[in-house]
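Structure first, then comments.
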Amino acid sequence: MGNAIIQVVDLYKNYGAVQAVRGVSFSVEAGEVFGLLGPNGAGKTSTVEILEGLRTPDSGLVRVCGLDPQTSGNEFKQNVGAVLQSTSLPDKLRVKEAIELFAKFYKQRADTNKLLEQFQLKEKQSAYCSHLSGGQKQRLALAMALVNDPQVVFLDEPTAGLDPQVRREIYDIIEHLKRENKTVLLTTHYIEEAERLCDRVAIVDHGKVITTGTPRELKHRAAGTTRIEVRLTRPVIDGILGRLEGVADSREFDGTYVLHSAQPPQTIVALVKQLQLENNELQSLEMFSPSLEDVFIELTGRRLRE
Amino acid sequence: MSTTWTLTKMRMRLAMRNRAFFFFSFFMPLLFLFGGVGFFTKGSAGWTAYVLGAILTLTVIGSFWGLSVQLVTFREHGVLRRFRLAPVKASDMLSSSIISSYFLTLPIMVIEIVVCRYAFHMRSWGNLWAIFVLVTLGSAAFSAFGLIIASVTNTMQETQMINNLIWMGFLFLSGATIPLALFPGWLQRVALFIPATYLATGLESSATNMASLRELVTDIVALALGLWVAYEISRQLFRWEPEAKAPRRAKVWAVAALVPFIIFGVWENYTGVRLKQINRNYHALSSQMAGFLPGHK
C-alpha cells in the first residue's frame with residue numbers, strides 16, 4: 001500500500017463499557033472510493049469520525065494525507081471534506097450564505113457558484129437551510145464538503161433515509177467525484193450503494209473488519225451461489241432445507257428461509273417435493289444473484305439490516 | 001482573525017433575522033428607558049443622566065443572554081460539530097459571540113444616549129469616552145460570563161434556568177434597577193461582590209458626574225479582569241459535541257470567573273470608598289427632587 005492516502009491500523013474506541021471499534025485496520029489509496037459496509041452499530045461512524053478528527057481513538061494509528069487528524073489541526077482540515085451523519089446548519093442561514101461561509105474558512109476554495117449549479121441548488125440559493133427537503137439538505141451537505149476542493153472526502157451514510165430517486169442523484173454525484181479522482185471514504189448499510197460506487201469494500205460488524213476486497217472479489221466468495229428466499233405457511237423441520245439438492249447454506253430470518261444454492265432449478269424442485277411431503281405450502285419465492293449481502297450472511301450468520 | 005470576523009458577520013446576520021432578538025435587544029431597553037425616565041425623573045436633567053446610566057447597564061448586561069444561548073442551541077442541534085470539521089477553533093466561536101453581541105448592542109446604546117440628550121433634555125453627554133470604554137468592556141465581559149454558563153450547562157433548559165438566576169442577581173443587586181443607596185448597609189456590602197455593580201456604578205458616575213477614566217480605574221480593571229478570566233475559562237470548557245457532557249469540575253471553574261470580583265469586593269468593603277461615593281451621589285441627586293423619590297430625607 002505504497003500510495004495509501006488513508007491508513008488505519010489496529011484502531012480501538014470504547015464508550016464506557018461499549019466497545020465500538022475493536023482493532024479496525026484498512027488502507028485507502030489515492031483516487032479510490034472505499035466503502036465501510038455494515039449494519040447500524042457496527043462501528044462505521046465511530047471509525048470515520050476518528051478519521052475526521054472529531055473523536056479521539058483509545059489506541060491505534062490513523063493517518064489521512066500523511067497527517068494525524070488528532071494533532072495536525074488546521075493543516076489536516078484544509079485537506080479533507082466531510083458529510084456527517086448527524087449535523088445541521090443554523091435555521092436562518094441561506095443556502096448560498098452557508099456555502100460561501102464555509103468556503104471562507106479555507107485557503108483553497110472551490111467556485112461556490114459552480115457548486116450551487118453542480119448540486120442543483122441554484123434555485124434554492126436564497127432559501128433558508130431549514131426550508132430545504134431532505135434531498136436538498138443532503139446535496140447542500142455534499143456541496144459544503146467540497147468547498148475546499150479536498151483531496152479526501154468522508155461520506156457517512158450519505159443516502160440514509162432518502163427516497164430512491166434522491167439516492168440515485170447522490171450516487172451520480174459520488175460517481176462524479178470518482179471521475180474527478182477524489183479519494184472517497186463512504187459508510188453505508190445499503191448493499192447496492194457499496195456495489196455500485198465502491199472500488200473496494202470493508203465489511204464491518206461488531207467493531208471489526210471481517211473482510212475486505214473489491215465487490216467482485218467479495219461476491220466471488222459466495223461461490224457463484226444464487227440466493228433463494230422463501231416464505232412458507234408453516235415452519236419446516238429444523239435443518240431440512242439445508243439438505244435439499246444444491247443447497248450450500250440455509251438460514252431463517254424472521255420467518256423467511258434464505259437458501260444459497262449452486263443449482264437453483266434442482267433446489268426448487270426438491271423444495272416443492274419436500275413441502276408436499278410435509279403438507280406445507282409456499283407463500284412466496286424470490287431468487288437473487290449473488291450480492292454483498294450474501295457475503296455478510298455467510299460471514300456473520302446475520303442479515304445486514306437486522 | 002479572518003475566521004472570527006467571518007463568524008461574527010454570520011452571527012450578526014442570524015440575530016438580525018430573529019424577531020425575539022429585536023424584541024429583547026431593541027424594544028425592551030427603549031421601553032425601560034422611556035418608562036424609567038418618564039416615571040422617575042419628572043423632568044430633572046440630573047435624574048435623567050442617572051436613569052441613563054442604569055438603562056445603559058441593563059442594556060450591556062443583556063449581553064449575558066446574548067449569543068451564548070445561541071451557542072447552546074448550536075451545540076444541541078449539531079451545528080457546532082459541522083463547524084468543527086472546518087478550520088474553526090473554539091476561540092473563533094467564542095470571540096465571534098462576544099464581538100457580534102457588542103456590535104449588536106452598540107446602536108441601541110447610542111440611541112439611548114441621543115434620546116436622553118435631545119428628547120429628555122439631559123444637560124450634557126456625560127463623559128462619552130468613559131461610557132464607551134465601560135460599555136465595550138462591560139459588553140465583552142458579560143458576553144463572556146454567558147459563554148461560561150453555555151459551557152457548563154448541558155441543555156438549553158438548564159442554561160435558561162441558571163441564566164435567569166444569575167441575571168436576577170445582576171439586575172437587582174447591582175444598583176441598575178434599585179439604587180444601591182436604598183439598600184440596607186449589609187446588602188450594599190454584598191453588592192460590591194456582584195460584577196454588574198462595577199458596570200452600573202461606573203456608568204452612572206460617567207453619565208451624571210462626568211467621571212474620568214482615572215476615577216473609574218477600579219471599574220475598568222474589574223471588568224477587564226473579569227473578561228479575561230471568563231474568556232479563558234469558557235475557552236477551556238468549550239464543547240463541540242452535543243453528547244459531550246460538562247464534567248463536574250467545570251462548574252467549579254465557572255465559579256473561578258468570580259475571583260476578580262471577590263478580590264475587588266473585599267478591597268472595596270475594606271476601604272469603603274465606593275459605598276461612600278455611591279451614597280453621596282444618590283443623595284446629592286435626590287436633593288434636586290426633594291420629596292419625590294423613595295428613601296429621600
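Taking amide H positions as placed 1.01 Å from N in the peptide plane, with prolines and chain starts having none, which residues 5 or more places from A:SER25, or on another chain, fall under 5 Å of its amide H?
Sorted by chain and number, the residues that satisfy this are A:ASP10, A:LEU11, A:VAL209.
Rank B:PRO247, B:PRO29, B:PRO179 by mean-square fluctuation in a GNM of chain B with C-alpha springs under 10 angstrom and give only the top-ranked residue.
B:PRO247
May I ask for the percentage of alpha-carbon pairs in chain A that lie more than 35 Å from each other?
Percent of Cα pairs beyond 35 Å in chain A: 30.
How large is ³J(HN,Hα) for each residue in the stretch B:222-229, as worked out from phi by the Karplus curve 6.51 cos²θ - 1.76 cosθ + 1.60 (θ = phi - 60°), to whole Hz, x for Gly and Pro?
Using θ = phi - 60°, the values come out as 4, 5, 5, 5, x, 4, 4, 5 Hz.
Per the Debye formula with a single identical scatterer at each Cα and no solvent contribution, what log10 I(q)/I(0) holds for the stretch B:69-126 at q = 0.14, 0.16, 0.17, 0.18 Å⁻¹?
-0.56, -0.63, -0.66, -0.69
Run lengths n ≥ 4 of DSSP H only: what is the helix-derived mean residue ellipticity at 222 nm for chain B, with -39500 (n - 2.57) per run over all residues, to the nearest 500?
Result for chain B, helices only: -22500 deg cm²/dmol.
Most mobile of B:GLN188, B:GLN157, B:GLN236 per a Gaussian network model of chain B (Cα springs, under 10 Å)?
B:GLN157
Any idea how far apart A:LEU282 and B:LEU30 come out in nm if each label point goes 7 Å out from Cα toward Cβ?
The modelled label-to-label distance comes out at 7.8 nm.
D for the protein assembly as shown, whole µm²/s, Stokes-Einstein with Kirkwood Rh over alpha-carbon pairs at 10 °C and 1.306 mPa s: what number?
Here the translational diffusion coefficient equals 56 µm²/s.
From the backbone phi of the stretch B:133-140, what are the Karplus-calculated ³J(HN,Hα) couplings (6.51 cos²θ - 1.76 cosθ + 1.60, θ = phi - 60°) in whole Hz, Gly and Pro given as x?
Taking θ as phi minus 60°, the curve returns 5, 5, 5, 5, 5, x, 4, 5 Hz for the stretch B:133-140.
Suppose R0 equals 60 Å; then what is the FRET efficiency for A:ASP10 and B:GLU158 from their Cβ-Cβ distance, rounded to the nearest 0.05?
Numbers: r = 39 Å, r/R0 = 0.66.
The calculated FRET efficiency here is 0.95.
Spin-label point model (7 Å from Cα, Cβ direction): what's the A:GLN274 to B:TRP186 distance in nm?
It works out to 8.9 nm between the two label points.
Would you kindly calculate the mean projected area, averaged across all directions, of the convex hull enclosing the Cα atoms of the stretch B:178-276, in square nanometres?
If I average the Cα hull's projected area over directions, I get 8.0 nm².
Mind pulling the per residue volume of the convex hull built on the Cα atoms of the stretch A:224-289? Å³ is fine.
Values: hull volume 4.8 nm³, N = 66.
Considering the Cα atoms of the stretch A:224-289, their hull volume per residue is 72 Å³.
For the stretch A:71-85, what does the Karplus curve 6.51 cos²θ - 1.76 cosθ + 1.60, with θ = phi - 60°, yield as ³J(HN,Hα) per residue in whole Hz, taken in order and with x for Gly and Pro?
10, 8, x, 5, 4, 5, 5, 5, 9, 10, x, 8, 10, 7, 6
Would you compute the Debye intensity of the stretch A:57-125 from its alpha-carbon atoms alone, equal scatterers and no solvent, and pass along log10 I(q)/I(0) at q = 0.13 Å⁻¹ to two decimals?
-0.52
So for A:TYR12, A:TYR106, fewest C-beta neighbours within 10 Å to most, what's the order?
A:TYR12, A:TYR106
At 20 °C and 1.002 mPa s, grab the translational diffusion coefficient of the stretch A:169-268 from Stokes-Einstein with a Kirkwood Rh over Cα pairs, rounded to a whole number in µm² per second.
Value of D from the Cα-based Kirkwood radius: 133 µm²/s.
For the modelled label position 7 Å from the Cα of A:SER25 along Cα-to-Cβ, which residues of the stretch A:205-221 have backbone nitrogen atoms closer than 16 Å?
Only A:208-213 pass the distance filter.
Once the mean 1/r over all distinct Cα pairs of the stretch A:1-68 is inverted, what Kirkwood radius in angstroms do you read off?
Value: 12.3 Å, from the Cα pair sum.
Assuming R0 = 35 Å, what is the FRET efficiency of A:ASP163 and A:THR56, from their Cβ-Cβ distance, to the nearest 0.05?
Rounded to the nearest 0.05, the efficiency is 0.45.
If R0 is 56 Å, what FRET efficiency do you get for B:MET210 and A:ASN113 from their C-beta distance, rounded to 0.05?
Here the calculated transfer efficiency is 0.55.
Using all alpha carbons of the stretch B:195-251, what is the percent of pairwise distances in each 10 Å bin, ordered from the shortest bin to the longest?
20, 34, 21, 17, 8, 0
Which three semi-axes in whole Å describe the equivalent ellipsoid of the stretch B:2-289, each the square root of 5 times a Cα gyration tensor eigenvalue, listed largest first?
That gives 33, 21, 15 Å for the three semi-axes.
Quick one: putting +1 on the C-beta of Lys and Arg, -1 on the C-beta of Asp and Glu, what dipole do you get for the stretch A:4-219 around its Cα centre, in Debye to the nearest 20?
300
Using the Cα centre as the reference, give the magnitude of the dipole from point charges on the C-beta atoms of the stretch A:224-289 (Lys, Arg: +1; Asp, Glu: -1; all else neutral), rounded to the nearest 20 debye.
The calculation lands at about 100 debye.
Top mean-square fluctuation among B:GLY36, B:GLY185, B:GLY202, Gaussian network model of chain B, C-alpha springs under 10 Å?
Of B:GLY36, B:GLY185, B:GLY202, the most mobile in the Gaussian network model is B:GLY185.
How many percent of all Cα-Cα pairs in the stretch B:1-121 sit more than 17 Å apart?
For the stretch B:1-121, the share of Cα pairs beyond 17 Å comes to 59 percent.
Which one, A:PHE102, A:PRO150, A:HIS189, projects farthest toward the positive side of the charge dipole computed for the stretch A:55-207 from Cβ point charges (K/R +1, D/E -1)?
Of A:PHE102, A:PRO150, A:HIS189, it is A:PHE102.
Every number here is computed from the coordinates shown, using simple stated rules; none is lab data. Keep in mind it's a predicted model, so treat the numbers as computed, not measured. When we count neighbours, we look across all protein chains shown, and the Cβ atoms used for this are built from the backbone with ideal geometry, even at glycine.
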